[in-house]
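Working notes, structure below.
The values are calculated or read from the model by the stated rules, or taken from the named source; none is laboratory data. In this text, all values refer to a predicted model and were calculated from it rather than measured experimentally. All Cβ positions, even for glycine, are placed from backbone atoms using ideal geometry, and neighbour counts span all protein chains on display. These accessible areas exclude ligands, DNA and RNA; they are computed on the full protein's heavy atoms, side chains included. Shrake-Rupley method; radii C 1.70, N 1.55, O 1.52, S 1.80 Å.
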Amino acid sequence: MATPENKLAFDGGWGYAPAPESTDHIQVKKRYGLFINGEFVAPEKGSYFDTVNPATEEKLSRIADAGDADVDKAVAAAREAYRTTWGRMKPAERGKYIYRIARIIQERAREFSVIESLDGGKPIRESRDVDVPLAAAHFFYYAGWADKLQFAFPGRTAKPLGVAGQVIPWNFPLLMAAWKIAPALACGNTVVLKPAETTPLTALKLAEVCRDAGLPPGVVNIVTGAGATGAAIINHPGVDKVAFTGSTNVGRIIQKALAGTNKKYTLELGGKAANIVFADAAIDQAVEGIVNGIFFNQGHVCCAGSRLFVQESVADEVVSKLKDRMETLIVGDPLDKNTDIGAINSRMQLEKIESYLKIGKSEGGEMHQSACRVPKKGYWCRPTIFTGVSQSNRVVQEEIFGPVLAIQTFRRFDEAITKANNTPYGLSGGIWTDKGSKIFKMTQSVRAGVIWANTFNKFDPTSPFGGYKESGVGREGGLHGLDAYVKLGV
């Protein structure tokens, strides 16, 4: 929340007036069941858990905890819908349903954005301006491909796989659901999706949208729960395709579980993105890009620019300007339109971040945090940078998933490449320079699936996304996102 505690350090005492987004227009039920076969139903064992607002620690709703029997019902419903309805429907008709879902998301965008911020802790500006519009855009994009698969795969026949089991994380709840559901439906598959247990509300709202759009029962099923529910979906013999976004450790477990089966799978896992700033870069623009890449999203994206490499001759300038910019960032109420950095998603995640702050200091890193105060209730972390760290430090090598940036310097181009690639991850990266030749050489040399040039964290449904090494298998988005949901024949 924009309080006197968060006044700008350089302004002589002036601060922003609160600008809270209203919650009067949203509807969150006191309890949600499982969305199976077009209806919300109670879980077989009658088990529920709470989802809370991380900014206030207040309970938002009770959520059904699906067991094996519930997953069986969801997969059976998806199989029946695939066999009798969706798999047999003309592709153009499927496209109309997907398009209708996109339009309803647009119409209810304000409601979705507020619920996303309430449940996940991210600033309303991000939910409103990024997450919800991009979710709608993915449905629009894949609606257009539904009857054009012969052009996506020229000379081949593309047939759906059947039932897709999908497990998504808490950092982009609605966007990740759209990211996975839209291409699956466009290719003629049906879906069983599990959202993260800490951020289920927008996925359940999306279930309402599917119902309101007239989507045939069983085409999209959404079951809520924790890790055991996700494992039941992934290991279910009735699932033909697995799509998972989450941690690298869980990704390894999934790969082992799927070994020897005929299931296709895509895994979008962890990251430790390198943001590389050359001396010829537009420094102010680069600093803003660095802030956007790691702080505005609380570091809660797998492609966050959590490693910064700055050419030695401009390192002092960049670090100084970065520290000044950090002091202007407002940490507080996610629903306040002035807020730059919202709440950490859960107590468990905050404890993990805080443990890494201790590790960074114990390994000799120099830690700097902004001077802003944070609310006493809720889960908060000030934007943090570490300098004086080396390649072997854990804050440099390991994914923290928080607003923590590790800064190192380099002198030569090849040194920057070597340091950037010295990680088990390879999801994304960024380069800041005014030389096109450096951009092209860097994109060819950095082992990462996505490289941004003079910007960071820009997404588009037409662009494929995915990583190398321990950052995953396969691609999502664009034409590549279709390939993961079809079997190709001649």
* Asked: Of all the accessible heavy-atom surface of the chain, with the other protein chains kept in place and a 1.4 Å probe, what percent is carbon and sulfur?
  -> 51 percent
* Structure fact -> Here the FRET efficiency for residue 440 versus residue 48, based on Cβ atoms and R0 = 60 Å and rounded to 0.05, is 0.65
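Based on the alpha-carbon gyration tensor of the range 337-377 and its eigenvalue square roots a ≥ b ≥ c, which shape applies: rounded if a/c is under 1.5, prolate if not and a/b is larger than b/c, or oblate? Provide the component values of the computation, followed by the final result.
Details: a/c = 2.70, a/b = 1.50, b/c = 1.80.
Cα axes put the range 337-377 in the oblate bin.
What is the magnitude of the charge dipole of the range 11-132 about its Cα centre, with +1 placed on the Cβ of each Lys and Arg, -1 on the Cβ of each Asp and Glu, and no other charges, expressed in debye to the nearest 20? Intermediate values should be presented prior to the final figure.
Numbers: 20 positive and 21 negative charges, 165 e Å.
Value, rounded to 20: 800 debye.
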* Asked: So if we plug the beta-carbon distance of residue 68 and residue 415 into 1/(1 + (r/R0)^6) with R0 = 41 Å, what FRET efficiency do we get, rounded to 0.05?
  -> 0.20
* Structure fact -> Tilt, helix 201-212 to longest principal axis of the chain (alpha-carbon atoms), in degrees rounded to tens, equals 40 degrees
* Give the angle, between 0 and 90 degrees and rounded to the nearest 10, that separates the Cα long axis of helix 315-327 from the longest principal axis of the Cα atoms of the chain. => 70 degrees
* What full-extension length gain, to one decimal in nm, is calculated for residue 284 and residue 257 as 0.36 nm per residue of separation minus the Cα-Cα distance? -> 5.0 nm
* Leaving out same-chain residues fewer than 8 places away, which aspartates and glutamates sit with a Cα under 18 Å from that of residue 96? -> 107, 147, 208, 212
* To do: Identify which of the listed values of percent of Cα pairs over 32 Å apart was calculated from the structure shown: [x] 56; [y] 65; [z] 40.
  => [z]
* To do: Take peptides 164-170, 73-79, 281-287 and line them up by average Cβ neighbours within 10 Å, highest first, as a rough protection proxy.
  => 164-170, 73-79, 281-287
* May I ask for the angle, rounded to the nearest 10°, between helix 68-81 and the longest principal axis of the chain, with both axes built from Cα atoms and the value confined to 0 to 90°? => 70 degrees
* Check residue 60: other-chain or 5+ apart residues with amide H under 5 Å from its amide H, H built from backbone geometry? -> 51, 52, 53
* Structure fact -> In nm, the gap between the two label points placed 7 Å beyond Cα toward Cβ at residue 157 and residue 377 is 6.2 nm
* In the chain, with Lys and Arg counted as +1 and Asp and Glu as -1 at Cβ, which of these residues, 242, 348, 433, has the Cα nearest the positive end of the dipole, that is, farthest along it? -> 242
* **Residues residue 468 and residue 354, FRET efficiency given R0 of 25 Å [Cβ-Cβ distance, rounded to 0.05]** => 0.25
* **Distance between modelled label sites at residue 317 and residue 247, nm, 7 Å Cα→Cβ extension** => 4.1 nm
* Around residue 282: net Lys/Arg minus Asp/Glu count, Cβ-Cβ under 13 Å -> -3
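Going by the alpha-carbon gyration tensor, a ≥ b ≥ c the square roots of its eigenvalues, is the range 274-453 rounded (a/c under 1.5) or, if a/c is not under 1.5, prolate (a/b greater than b/c) versus oblate?
Verdict is prolate for the range 274-453.
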* Before rounding to the nearest 500, sum -39500 (n - 2.57) across all DSSP H runs of length at least 4 in the chain and divide by the residue total; then give [θ] at 222 nm in deg cm²/dmol. => -11000 deg cm²/dmol
* Asked: Where the only charges are on Cβ atoms (+1 Lys, Arg; -1 Asp, Glu), what is the dipole of the chain about its Cα centre, to the nearest 20 debye?
  -> 1420 debye
* Accessible area of the chain divided out per residue, in Å², using a probe of 1.4 angstrom -> 39 Å²
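Which order do 380, 145 take when ranked by solvent-accessible area (1.4 Å probe, heavy atoms of all protein chains), largest first? Walk me through the numbers before you get to the answer.
Values: 380 25, 145 50 Å².
The residues order as 145, 380, largest area first.
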